[in-house]
Amino acid sequence: MTKNIALITGASRGLGLALAKALHKEGYSIYGTSRNPSEHAHLEFITFLELDLKDLASIDRLAESLPDVDVLVNNAGYSQIGSVEEIPIENLKNIFDINLLHQIYLTQKFIPGMRMRKKGIIVNITSMAGTVPVPFSTIYASVKGGFDAFSKGLRNELSAYGIKVIAVAPFQMHTTIPQSKDYIESSPYTDNIMKAKRFRDLALDQAEEPEYIARQVIGIIRKNNPAPHNPVGKGARRKTWLIWLLPQKMVERIVRRRFGLDY
């Protein structure tokens, strides 16, 4: 019997690697993406394919080499820290290209095969930052909020074809996701940026490991009719409920205090 195929972007570390291990245990053939596939030959259960999400031609080549997948996990990306006022437009474009626009382009490549087979699962790794932005990571939050909206809209378009589209929003996770520094030392925001960064780094150091999040994602994938938006992490559902229940201004105050911004 032919195994189902899972393609995971950014599968060499963090949540991507944890999901690759978990899906492998579920019986999937695992394909992962990396800009340098040869560096990950030690991960023998993953077949790595070259992908540079900055380059549309690279996405085209990947789709040509692997035309059909049963599960697509859009996981690759990076975060940022800095003020909206100071982020260079080139950096802004890169964040949207890599974290959103080019992931949509990649998804387009695999929808036709799923639609014709009338089955498939698309998992988009978003973030609760898209609902409650982390201070001075506003651009990253904007991208993740957009990715969440994309997931919900795509779900409506594809449900008639038996394709499940799932947005997974980790609250916090002990991860090594790259974070671009979009600020300068002489910035008037520097003190507050550093405060927010210290609290963010501490929270991530104390957060759940990617394997914990991956187990929750596998549970969601197994469901016949998973929810459109899935908060994951310890206490994630309770925290999400409180976010929607409390007045917006109160949520703002809680977030600012949590990140050491008492103003």
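The set of residues from the range 86-127 being under 14 Å from residue 139 (Cα atoms), over 19 Å from the mean Cα position of the chain (by Cα) and surrounded by 14 or more Cβ atoms within 10 Å (Cβ to Cβ) comprises 86, 87.
In the range 150-191, how many residues are assigned to a helix (DSSP H, G or I), of a type outside the set (Phe, Trp, Tyr) and in contact (Cβ under 8 Å) with a residue 24 or more places away in the chain? Break it down into steps so the answer makes sense when it comes.
Start the filter on the range 150-191 by keeping residues that are assigned to a helix (DSSP H, G or I), which leaves 150-161, 190-191.
Then drop every residue that is not of a type outside the set (Phe, Trp, Tyr), which leaves 151-160, 190-191.
Filter once more, keeping what is in contact (Cβ under 8 Å) with a residue 24 or more places away in the chain: 151-152, 154-155, 158.
Residues meeting the conditions: 5.
Is it the case that some residue within the range 250-257 is assigned to a loop (DSSP other than H, G, I, E, B) and either more than 21 Å from the chain's Cα centre (by Cα) or among the β-branched types (Val, Ile, Thr) (or both)? No; the residues of the range 250-257 include none that is assigned to a loop (DSSP other than H, G, I, E, B) and either more than 21 Å from the chain's Cα centre (by Cα) or among the β-branched types (Val, Ile, Thr) (or both). On the stretch given as the range 149-202, residues that are closer than 18 Å to residue 256 by Cβ and surrounded by fewer than 16 Cβ atoms within 10 Å (Cβ to Cβ) total 7.
Within the range 45-68, residues that are closer than 18 Å to residue 98 by Cβ reach partners that are among the basic types (Lys, Arg) and in a helix (DSSP H, G or I) with beta carbons closer than 8 Å, at six or more positions or on different chains, in the pairs 50/61; 59/109; 60/109; 62/109; 63/109.
Starting from residues that are within 21 Å of residue 201 (Cβ to Cβ) and outside any loop (DSSP other than H, G, I, E, B), keep the ones in the range 231-249 and report whichever is modelled with the highest pLDDT. If you could, list the steps in order and put the result at the bottom.
Keep residues of the range 231-249 that are within 21 Å of residue 201 (Cβ to Cβ), which gives 232-236, 239.
In the following step, the residues that additionally are outside any loop (DSSP other than H, G, I, E, B) were identified as 232, 236, 239.
Numbers: 232: 95, 236: 85, 239: 88.
Ranking the qualifying residues of the range 231-249, first place goes to 232.
Checking residue 216 against (1) over 18 Å from the mean Cα position of the chain (by Cα); (2) assigned to a helix (DSSP H, G or I), which single condition isn't satisfied? Failed condition: (1).
The values are calculated or read from the model by the stated rules, or taken from the named source; none is laboratory data. Not measured: the values here are computed from a predicted model. Using ideal geometry, Cβ is built from the backbone for each residue, glycine included, and neighbour counts are taken over all protein chains shown.
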